[in-house]
Each structure stands twice: as C-alpha cells, then as structure tokens.
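One structure below.
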Amino acid sequence: MGKNIALSTFYNLCIILCGVLAYNGFTTNHYSYILGAVFCGVIFIILKIRLLKQVRKTYRGD
C-alpha cells in the first residue's frame, strides 16, 4: 500500500510540474517546452489512471 501511495504522489508532482513547465513555456513563447510538457503530462495522467484502476481492482477483490 505504501508503494502505491508514494507512486501516486510522484505522479501528482510530475503532473503539476508539467503544468508549470507548460505555463512557463507559454509565457516565454518556447513552444518546445509546451510540447514536451503536454506529452509528459499525458503519459503521467495515463499512468496515474492505470494505478488507480489497479488499486481499485485489488481492494474490490475482482
């Protein structure tokens, strides 16, 4: 359980950092930053959803 909490926290931090990086890229007109941040953000969101599904399946007993 502790591993899943730590992994979920890590994913949340990465998603927030990607948002900050995208905002910074937008304000400074560095569109490569925006592209990289959106790409990594989408990957971390997908991983977070998969982790939540795995935890939900584990505790339901399905």
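The values are calculated or read from the model by the stated rules, or taken from the named source; none is laboratory data. Only a predicted model underlies this, so the values are computations on that prediction, with no experimental measurement involved. In this analysis, Cβ positions are derived from the backbone assuming ideal geometry, glycine residues included, and neighbour counts consider all displayed protein chains. Side chains are part of the model used for accessible areas, which takes the heavy atoms of the whole protein and leaves out ligands, DNA and RNA. Shrake-Rupley method; radii C 1.70, N 1.55, O 1.52, S 1.80 Å.
Key figures for this structure:
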| read-out | value |
| --- | --- |
| Carbon/sulfur fraction of accessible area - the chain, other protein chains in place, 1.4 Å, % | 70 percent |
| Accessible surface, 1.4 Å probe, highest first, among residues Ser8, Ser32 | Ser32, Ser8 |
| Total charge dipole magnitude, the chain, about the Cα centre, Cβ charges on Lys, Arg, Asp, Glu only, Debye to nearest 20 | 360 debye |
| With Cα atoms, 0 to 90° folded angle of helix 2-27 axis to the chain main axis | 20 degrees |
| CD proxy at 222 nm, helix term only [per DSSP H run n ≥ 4: -39500 (n - 2.57); per residue of the chain; nearest 500] | -32500 deg cm²/dmol |
| Exposure ranking of Lys48, Lys3, Lys57 by accessible area [1.4 Å probe, largest first] | Lys3, Lys57, Lys48 |
| Listed residue (Leu35, Asn24, Leu51) projecting farthest to the positive dipole end of the chain, Cβ model | Leu51 |
| Between helix 31-60 and the chain: long-axis angle, C-alpha atoms, 0 to 90°, nearest 10 | 10 degrees |
| In nm, spacing of pseudo-spin labels at Asn12 and Arg56 (7 Å Cα→C-beta vector) | 1.8 nm |
| Heavy-atom surface of the chain, accessible at 1.4 Å and reported per residue (Å²) | 79 Å² |
| Nearest-10 value in Å² for the accessible area of Cys40, using the 1.4 Å probe | 60 Å² |
